[in-house]
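What follows is a single structure, written as structure tokens, with notes after it.
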Amino acid sequence: MAARSMGANNAVMGGTRTRRIALVSPYDIAVPGGVTKHVIGLALELERRGHHVRVLAPCSASPASRIPMGLNGNLRNLSSHVFIFPYSGAVSHISLDPRIKGRIRTLLDEEHFDMIHVHEPLAPGVPWAALAAARDRADVRIMGTFHAYREGPNRLYRWARRLWRARMALLDGHVAVSAATASFWNQFVDLRFRLIPNGIDARCLRSAPLAWRKTGADVLFVGRLESRKGLDVLLRAWRQVERQHPQARLTVAGAYTATDEAVHQRHVAALRLDRVRFIGPQSEAGLARCYQRADIVCAPARGFESFGLVLLEAMAAGVPIIASDIVGYRTLVTPEHEGLLVPAGDHDELAAALIALLRDPERRRCLGEHGRQTAQRYTWDAIVPRLLDYYDEISHQPEGKQP
């Protein structure tokens with residue numbers, strides 16, 4: 001990239017460099033998801049620290065009721081034309097609107113950003129347009145954060161390796177949210193990633209009022225109802241749980257549609273389950289209350305998980321976890337410390353773990369307390385300074401070199 005001089009657009013506030021930052025996301029900001037939640041939370045935290053922040057993303061609908069108050073004025077909607085795209089084991093909502101590149105160029109002229117932070121920089125649509133629009137700007141640095149992870153054959157990824165390496169060359173800094181993510185992408189691009197995980201707002205989770213006393217019977221599932229999330233495995237396990245623990249209740253929360261729910265409701269009926277309720281999408285405050293009410297959070301994903309934001313949120317709320325023993329979860333959960341890990345897809349092992357933990361309140365308490373302590377390493381107060389330090393590093397690195 002062209003040599004850059006970074007001093008012009010930066011003020012100094014209390015000894016800390018104040019930045020003008022664009023956070024770029026490929027995903028529809030109106031559709032909840034892990035990356036979207038991370039970008040929104042990061043934007044609010046950076047602004048709280050005095051930085052000028054804009055979120056550049058597609059948005060299919062007015063986000064006023066779907067994102068936290070305070071972000072609406074900072075959102076720059078790049079396109080309302082969004083379609084569904086399968087990506088890394090998930091269903092993603094992205095935009096390929098050809099006008100996006102021009103809109104980003106206009107924003108660069110108007111906002112005078114000194115840092116463009118692109119999330120999922122190799123995803124099609126908005127990230128590619130942002131890299132193309134900013135590539136010749138001598139007054140801006142570009143950082144990419146990689147979230148995706150996948151398992152199994154990767155023929156398409158190998159075929160696209162040359163294209164992706166060219167995109168990588170446009171980045172001044174490279175972040176992976178986990179070692180699993182870094183290992184996956186290094187099959188194709190061979191970089192030294194800086195490991196900086198996703199952040200959580202533990203304050204919200206800790207301060208949520210308890211709606212009722214915990215009963216030792218409430219299990220919570222949080223997530224979209226995609227096959228990779230494994231709710232069907234949990235429902236098969238739940239048949240055994242109901243037989244052994246008559247008071248047990250399963251709550252299913254997440255950004256799923258009525259159509260998604262109907263598929264699993266039929267599964268519930270076929271299994272003759274009595275104590276399963278679907279409550280759908282929740283506000284941040286509502287989700288915090290769900291965690292506070294839960295005795296166990298269960299994450300039975302089959303794979304394709306790079307990190308596990310739900311696990312961290314459960315830990316921050318002091319709730320023990322039962323999760324699949326998959327790469328993305330192993331980095332967060334140490335067995336018998338924050339929770340239990342069971343073989344992915346094994347409903348018998350999952351049922352046994354649920355039954356045992358529901359019957360043991362002291363074990364749940366210990367796991368929850370350990371999880372709360374672990375979660376402190378992932379709060380925004382721990383994560384944002386690491387990102388800001390990396391911003392500073394790449395702002396001063398020699399041309400063509402990565403720290």
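Divide by every residue of the chain the summed helix terms, -39500 (n - 2.57) for each DSSP H run of at least 4, and state the resulting mean residue ellipticity at 222 nm, rounded to the nearest 500 deg cm²/dmol.
So the calculated ellipticity at 222 nm is -11500 deg cm²/dmol.
Could you work out the Kirkwood radius for the stretch 96-188, taking every pair of different alpha carbons, averaging 1/r and inverting it, reported in Å?
The answer is 14.0 Å.
Over the residues of the stretch 202-378, compute the C-alpha Rg and express it relative to 2.2 N^0.38 Å.
Values: Rg = 14.6 Å, N = 177, 2.2 N^0.38 = 15.7 Å.
Normalised Rg, Cα atoms only: 0.93.
Non-local amide H neighbours of His174 (under 5 Å, H modeled in plane, Pro and chain starts lacking H): which ones?
Hits under the 5 Å cutoff: Gly144, Arg194.
Please list the radius of gyration and Dmax for the chain, considering alpha-carbon atoms only, with Å as the unit.
21.5, 67
Please list, in order along the stretch 364-374, the HN-Hα scalar couplings obtained from phi with the Karplus expression 6.51 cos²θ - 1.76 cosθ + 1.60 (θ = phi - 60°), rounded to whole Hz, x for Gly and Pro.
Each residue's phi maps through the Karplus curve to give 4, 4, 5, 4, x, 5, 4, x, 4, 5, 4 Hz.
Please name which of Val118, Gly173, Ser183 has its Cα lying farthest along the dipole of the stretch 99-200 towards the positive end, using unit charges on Cβ (Lys, Arg +1; Asp, Glu -1) and the Cα centre as origin.
Ser183
Mind listing the phi-derived Karplus ³J(HN,Hα) values for the stretch 93-105, rounded to whole Hz, using 6.51, -1.76 and 1.60 with θ = phi - 60°, and x for any glycine or proline?
Result, rounded to whole Hz: 10, 10, 10, 10, 4, x, 7, 4, 4, x, 5, 5, 4.
Tilt of helix 347-358 relative to the longest C-alpha principal axis of the chain, in degrees (0 to 90, nearest 10)?
Compared with the principal axis, the helix lies near 80 degrees.
Out of Ser95, Thr18, Leu312, whose Cα points farthest toward the positive end of the dipole of the chain (charges: +1 Lys, Arg; -1 Asp, Glu; placed on Cβ)?
Ser95
List the GluC sites (Glu not before Pro) within the stretch 308-397 that fall in a DSSP loop (any state other than H, G, I, E or B) and whose Cβ has at most 15 other Cβ atoms within 10 Å.
Details: sites: Glu313, Glu336, Glu338, Glu349, Glu362, Glu369, Glu393; in loops: Glu336, Glu338.
Hits after loop and neighbour filter: Glu336.
If you wrap the stretch 238-300's Cα atoms in a convex hull and average its projection over all directions, what's the area in nm²?
Numbers: hull surface 18.4 nm².
Averaging across all directions leaves 4.6 nm² for the Cα convex hull.
List the residues whose amide H sits under 5 Å from the amide H of Val342, counting only those 5 or more places along or on another chain, with H placed 1.01 Å from N in the peptide plane.
Ala323, Ser324, Asp325
Any read-out appearing in this document is the output of simple, stated calculations on the displayed coordinates, not a laboratory observation. Note that the coordinates shown come from a computational prediction; the quantities given were computed from them, not determined experimentally. Cβ sites come from the backbone with ideal geometry, for glycine too, and all protein chains shown count toward neighbours.
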